[in-house]
Amino acid sequence: MTSTVNAPSHPRSDALLQRAQQVIPNAMYGHQDARGLWPGAPQFVSRTAGSRIWDADGHEYIDLLCSWGPIIHGYQHPRIEAAVDKQRRICDTANGPSEHFVALAEKLVDVVEHADWAMFAKNGSDVTTLCLTIARAHTGRSTILVEENTYHGALPWCNPDKTGVLPSDRAGLAYYTYNDLAGIEKLAAEHAGDLAGIIVAPFRHDPAGSDLEMVDPAFAQGLRRICDEHGAALILDEVRTGFRMSFGGSWEQYGVRPDLSSWSKAIGNGYPIAAVLGAEHLRASAGSFFVTGTFWFSAVPMVAALTSIALLEELDGLTHMFARGDQLVSGLREQASSYSLPVQITGPVTMPYLSFAGESDHQFTLAWAAECAARGVFVHPKHNWFMSTALTPTDIDTVLVATDAAFGEVARQFF
């Protein structure tokens, strides 16, 4: 890849990476997929505030990755930080949960149409796995239909990377293609009598730099019908999408209510919390087995979530994020067209992904992301981005100045 214009150096980040290689397997690459960034990208962050991040060498970026999704109101939002600081001085992790445990469950049940109860955990992998367990407990069956190559977490049953995974870890799973309703109908018939559930993302977001694919409403409605016909649970994985497609469940706009949904990322604005939300008929099954985690009931993340959800309501946060997303995506499309570049932008405007048509190795996207970074904008070349309520119209205007110059460099170098 050709070097970027005025690309900053990262001696401190590089030194930290060398140290990490001595004491952490595969350095940090096995823990967060930083391999997907452009060559020479900074791997360490030293400071965050609002819509900005600073790398370990002090370079500032407008951040469109939002910590891989959790930051929905910007970093260190004053109201959220004040609420959690107050709670931290009173009680965080203790022998039992605080009153906020009940308040947050009540709030999520109020906000999400299909939810009659909530259970809490820490990570997306926790709650997607818990959804499968509840579905199997409720039905007494084994088989879950899962989209081929999708990402529902980093555990053996769902991690697309199969290294160290036994066939038995994936027992009870059958795989479908997103938006292929006929294929799912065939799979469901093949597993009739043993179908416990179908897990699905609100839109297709496979890993490794694939274009995103919005759901066909007929597909969403068809999954609901198939689950009803087979007495199976429809599980919607909202870990990535929660509160960025709608204020509530992402498929309510299609008239589809899942039986179970998994949430994490944005609900706590960066504080570690996850939730399973479920329908009334699954309540007894959800409470029929023991499941817990030492830190699952900590009060501080629950206060962060309560404050974050309240802010979304008060600020009309979804409208704000859609407006900024529209501003960004329309600007990017105009710029790419002006340079006659074969750019594709897929996914919701609040979670867009940019790629160049026809490239197999992401050479152009990697180069473009590097050029953006050299101009103070952090985008990921192989993962969707995220809007936040901290992004202002001026921020997006600044981003578009950088992206236009980046498109110009890519056009000059490769086209």
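What follows draws every value from the coordinates through simple rules; no lab data is involved. Keep in mind it's a predicted model, so treat the numbers as computed, not measured. When we count neighbours, we look across all protein chains shown, and the Cβ atoms used for this are built from the backbone with ideal geometry, even at glycine.
When the chain is treated as a Gaussian network with alpha carbon springs shorter than 10 Å, the biggest mean-square fluctuation among A367, A94, A174 belongs to A94. Measuring r between the beta carbons of S337 and S360 and using R0 = 35 Å, the FRET efficiency lands at 0.95.
Could you give the dipole magnitude of the chain about its Cα centre, charging the beta-carbon of Lys and Arg +1 and that of Asp and Glu -1, in debye to the nearest 20?
On the way: 29 positive and 46 negative charges, 178 e Å.
It works out to roughly 860 debye.
Largest GNM mean-square fluctuation across V112, V291, V401, computed for the chain with C-alpha springs under 10 Å, falls on V291.
Work out how much length Y175 to E280 would gain on full extension: take 0.36 nm times their residue separation and subtract the Cα-Cα distance, in nm to one decimal.
On the way: separation 105, 0.36 × 105 = 37.80 nm, distance 2.78 nm.
Extending this stretch completely gives an extra 35.0 nm.
Approximating the spin labels as points 7 Å out from Cα along Cα→Cβ, the S9-to-A310 distance works out to 4.9 nm. Computed on the stretch 81-315, with alpha-carbon pairs under 8 angstrom and 6+ residues apart, the relative contact order is 31 percent.
At 0.36 nm per residue, minus the direct Cα-Cα distance, what do D397 and A192 gain on full extension? Give it in nm, one decimal, please.
Working: separation 205, 0.36 × 205 = 73.80 nm, distance 5.36 nm.
That pair, D397 and A192, stretches by 68.4 nm at full extension.
Over the Cα atoms of the stretch 22-144, each weighted equally, I'd like the Debye log10 I(q)/I(0) at q = 0.12 Å⁻¹, rounded to two decimals. For the stretch 22-144, the Cα-only Debye profile gives -0.78.
Using the scaling law 2.2 N^0.38 Å as the reference, what is the normalised Cα Rg of the stretch 81-315?
Working: Rg = 17.5 Å, N = 235, 2.2 N^0.38 = 17.5 Å.
Here the Cα radius of gyration is 1.00 times the empirical estimate.
For the chain, the longest principal axis of the alpha carbon atoms and the long axis of helix 217-230 meet at an angle near 30°.
To the nearest 20 Debye, how big is the dipole of the stretch 81-315 about its Cα centre, given +1 on the beta carbon of each Lys and Arg and -1 on that of each Asp and Glu?
Values: 18 positive and 30 negative charges, 112 e Å.
I would put it at about 540 debye.
Relative to one another, the C-alpha centroids of the stretch 208-231 and the stretch 63-111 are positioned 31 Å apart.
Just the Cα atoms of the chain, one point each, no solvent: what log10 I(q)/I(0) does Debye give at q = 0.08 Å⁻¹? Calculated log10 I(q)/I(0) at the listed q: -0.45. Pairs from the list K162/K186; K186/K382; K107/K382; K122/K186; K265/K382 with a Cα-Cα gap above 24 Å: K162/K186; K186/K382; K107/K382; K122/K186. Applying D = kT/(6 pi eta Rh) to the stretch 119-235, where Rh is the Kirkwood radius over alpha-carbon pairs, T corresponds to 20 °C and eta to 1.002 mPa s, the Stokes-Einstein value obtained is 147 µm²/s. In this simple spin-label model, placing a label point 7 Å from the Cα along the Cα-to-Cβ direction at both W68 and R35 gives a separation of 1.4 nm.
The long axis of helix 124-139 is offset from the longest Cα principal axis of the chain by roughly 20 degrees. Full extension of the segment from S210 to C91, taken as 0.36 nm per residue of separation minus the current Cα-Cα distance, would add 38.5 nm. Here's how it looks for V343: its modeled amide H is under 5 Å from those of A357, which are all 5 or more places away or on a different chain. Put in line by how crowded their Cβ is, counting other Cβ atoms within 10 Å and starting with the fewest, W296, W251, W117 read W117, W296, W251. Could you work out how far helix 393-414 tilts from the main Cα principal axis of the chain, as a 0 to 90 degree angle to the nearest 10? The angle comes out at about 70 degrees.
With equal scatterers on the alpha carbons only and no solvent term, can you work out the Debye log10 of I(q)/I(0) for the stretch 170-282 at 0.17 1/Å? The Debye formula, applied to the Cα set alone, gives -0.87.
In this rough spin-label picture, where each label sits 7 Å from Cα along the Cβ direction, the V165-A103 distance is 4.0 nm. Rounded to the nearest 5, what is the percent of antiparallel bridges among the DSSP beta bridges in the stretch 81-315? Approximately 40 percent, going by the DSSP bridge assignments.
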